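Every number here is computed from the coordinates shown, using simple stated rules; none is lab data. These figures come from a predicted structure and were not determined experimentally. Every residue, glycine as well, gets a Cβ built from its backbone with ideal geometry; the counts of neighbours run over all protein chains shown.
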Amino acid sequence: MKQIPNRGHRQLRKGRYSLPGAYYFLTLSIINKEPILANAEIADTIFESFEWLESNERLRCFCVIVMPNHIHAVIQLRSEQTLSRLMQSFKSFTAKQINTQLGRSGSVWQETYYEHGIRRNGSLNETIRYCYENPVRKGLVKEAQEYPYWRCKFRME
């Protein structure tokens, strides 16, 4: 009898591997989907953390969008580290900063994150467009360019 694979967070990590130079679409969510990210100070913490990782050649960042309860990022993995290690470092540092800014303690990020490898230029463009239009789909703004918590290396039209 064929066994049905386990579902859930642990199953997401099975078979995950990292490839330096590969492009990834990432989604990191706040624990319990609390809308704690939608303020300028916390968004700046997220952006500055990605900038620091880029300046230290750990990743190349194409776009980041900070939504109220999650973030999306399109990156290229640099150096010989794993994506899991990079995300653990990012989540640990930003959780401490966010907790300090909010005057609280405890977990901030969900234990797992979603990652999707991007293999074609067209897919890279589509994924960046998806991120850009996310606040419109979520009803936060009428036009994507109105959303303040967005950073991208490319001009969007």
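Of the options Thr45, Leu26, Tyr147, report the single residue whose Cα projects farthest towards the positive end of the charge dipole of the chain (beta-carbon charges: Lys, Arg +1; Asp, Glu -1).
Leu26
Given +1 on the Cβ of Lys and Arg, -1 on the Cβ of Asp and Glu, and no further charges, what dipole in debye does the range 59-140 carry about its Cα centre, rounded to the nearest 20?
Details: 11 positive and 5 negative charges, 17 e Å.
Once rounded to the nearest 20, the dipole reads 80 debye.
Grab the DSSP H runs of the chain that are 4 residues or longer, score each as -39,500 (n - 2.57), total them, divide by all residues and round the 222 nm result to the nearest 500 deg cm²/dmol. Before the final figure, lay out each step's value.
Details: 4 runs with 58 residues, N = 157.
After summing the helix terms and dividing by residue count, I get -12000 deg cm²/dmol.
Taking the Cα centre of the chain as the origin, how large is its charge dipole in debye, to the nearest 20, when only Lys and Arg (+1) and Asp and Glu (-1) carry charge on their Cβ atoms?
That gives the chain a dipole magnitude of about 800 debye.
Among Leu140, Leu59, which comes first, then next, by fewest other beta-carbon atoms within 10 Å?
Leu140, Leu59
Quick one: grab the alpha carbon gyration tensor of the range 18-152, order the square roots of its eigenvalues as a ≥ b ≥ c, and give me rounded if a/c is under 1.5, else prolate or oblate depending on whether a/b is larger than b/c. Don't skip to the answer; put the middle values down first.
On the way: a/c = 1.75, a/b = 1.10, b/c = 1.59.
Cα axes put the range 18-152 in the oblate bin.
Given the range 37-80 reduced to its alpha-carbon atoms as identical point scatterers, what log10 I(q)/I(0) does the Debye formula return at q = 0.16 Å⁻¹?
-0.41
Mind pulling up the Rg/Rh value for the range 87-157? Radius of gyration and Kirkwood radius, both on Cα.
Using only Cα positions, Rg/Rh for the range 87-157 is 1.04.
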